[in-house]
Amino acid sequence: MIRRARLDTSFRARVVSRTPLRYRAGADARDDRPAHVRAGSALVWHAGRLGVVQDDASFVAFVDVASGEVDVVALPRGDDGRRVFGDDLGNKRFKLDLEACIAFRDDEGEPTLMAFGSGSDARHARDNIVVVRGAAPTEADVQVIAAPRFYDRLRALTAFSGSELNVEGAALKGDHLTFFQRGNGAPRGPISPVNATCTVSLAAFRAFLLEPSLLEAPEPAAICQYDLGAMGGCPFGFTDGTHAGEHLYYLAAAESSPDAATDGPVAGCALGRLGEDSYYAHIEGSDGAPLRDKLEGLAPSLHDSNRFYGVVDRDDPNTPSELVELEVTWAV
């Protein structure tokens, strides 16, 4: 099934605030930690704060929205001993490439954040799941679980993965876990890149993670492909998704990238709602012009149904990612 999202000019989404994400503890060379969130790639509410995962740094940030303070938990180092990765360091193959996350309470009632590697390169470290437990977690509360059987299953389902797997978002409602595939891959023979969603039972997925090298990965269901439209001649691709009320929302970027692992210039971003009638708005900056920052990570406001939070990934390791607040309006 292919659903086409339509541009709805009566639906507007506009940035109303920006907050640079700088760690309260500052930089720490011993931890290989910069002073700021380098590349925010997903957002989720976790124990009253916004959890931010990163695709090129092995840290999870926790943002107190009221104060703007940002705490940080270190993840295990890469094979080269680093926690930051990039072309300039020659070590991108070692990064976890965390691009999606969810939050829930485990069987003991502990707040749990689960982050997902993109799976965009099976040769490297991107087929891992990171689990962070506790309301105020430390490094001891982090577990990294290799899950190649699950990612291989996603790759084999080309109706979901298309020509190149690139898991860019996840959303949880009850036991219903939705994954978002970003269709920015390079064509592979007759197979084209696709934007798609699929669903998995969270209970089945958690059971699989107890013995991921032995157990069969859960079968994804309800695969649906999307045509998300385009901007500036560049097609939109999913960058995250979230549930808000009874609806499933998504972020998308129109990025001119040659494949799933390479960044490119961004023509614009979109906020949309998925369903039988899928629609979206071009996201505007505070000046009313189209937002050309790469917006990743999406979470609803806990207090205002017409507001969302997002995180800007500037693709610049020396510039802090920014938490942005979006105001959405519908014409009456």
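Each reported figure results from applying straightforward, stated rules to the coordinates on display, with no laboratory input. Because the structure is predicted, anything quoted here is derived from the model rather than measured. Glycine also receives a Cβ, built like all others from the backbone with ideal geometry; neighbour counts cover every protein chain displayed.
Laid out as a table, the results:
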quantity: Normalised contact order of the range 236-275, rounded percent, pairs of Cα under 8 Å and 6 or more residues apart; calculated: 38 percent
quantity: Cα gyration tensor shape of the range 1-153, rounded if a/c is under 1.5, else prolate or oblate by comparing a/b with b/c; calculated: rounded
quantity: Over the range 55-117, equivalent-ellipsoid semi-axes from the Cα gyration tensor in Å; calculated: 25, 15, 10
quantity: Cα gyration tensor category, rounded, prolate or oblate, for the range 69-203 with a/c compared to 1.5; calculated: oblate
quantity: Dipole of the chain, positive direction: furthest Cα of 112, 54, 135, with charges on the beta-carbon; calculated: 54
quantity: Whole-percent pair-distance distribution, where bins are 5 Å wide, for the alpha carbons of the range 254-303; calculated: 5, 16, 20, 23, 20, 12, 3, 1
quantity: The range 137-209 versus the range 224-300: alpha-carbon centroid distance in Å; calculated: 18 Å
quantity: Residue-averaged [θ]222 nm for the chain, counting only DSSP H segments that reach four residues, each worth -39500 (n - 2.57); calculated: -1500 deg cm²/dmol
quantity: GNM result for the chain, Cα springs below 10 Å: residue of 292, 38, 14 fluctuating most strongly; calculated: 292
quantity: Whole-number Å³ per residue for the convex hull built on Cα positions in the range 193-307; calculated: 147 Å³
quantity: Reduced Cα scattering model of the range 83-148, Debye log10 I(q)/I(0), q = 0.26, 0.27 Å⁻¹; calculated: -1.10, -1.14
quantity: Equivalent ellipsoid semi-axes - Cα gyration tensor, the range 248-332, angstrom; calculated: 23, 16, 12
quantity: Estimated dipole of the range 2-330 in Debye, rounded to 20 [Cβ of Lys and Arg +1, of Asp and Glu -1, Cα centre]; calculated: 320 debye
quantity: Residues of the range 80-112 with amide N under 16 Å of a point placed 7 Å along Cα→Cβ from residue 31; calculated: 82-85
quantity: For the chain, share of DSSP beta bridges that run antiparallel, in % to the nearest 5; calculated: 95 percent
quantity: Cα lying deepest toward the dipole's positive end in the chain, options 323, 186, 25, charges on Cβ; calculated: 186
quantity: Pairwise Cα inverse-distance average, inverted: Kirkwood Rh of the range 1-46 (Å); calculated: 15.0 Å
quantity: Relative contact order of the range 2-330, defined on C-alpha pairs under 8 angstrom at six or more residues apart (%); calculated: 21 percent
quantity: Ranked 283, 2, criterion: other C-beta atoms within 10 Å, fewest first; calculated: 2, 283
quantity: Stokes-Einstein translational diffusion, the chain - Kirkwood Rh over all Cα pairs, 0.692 mPa s, 37 °C, in µm²/s; calculated: 168 µm²/s
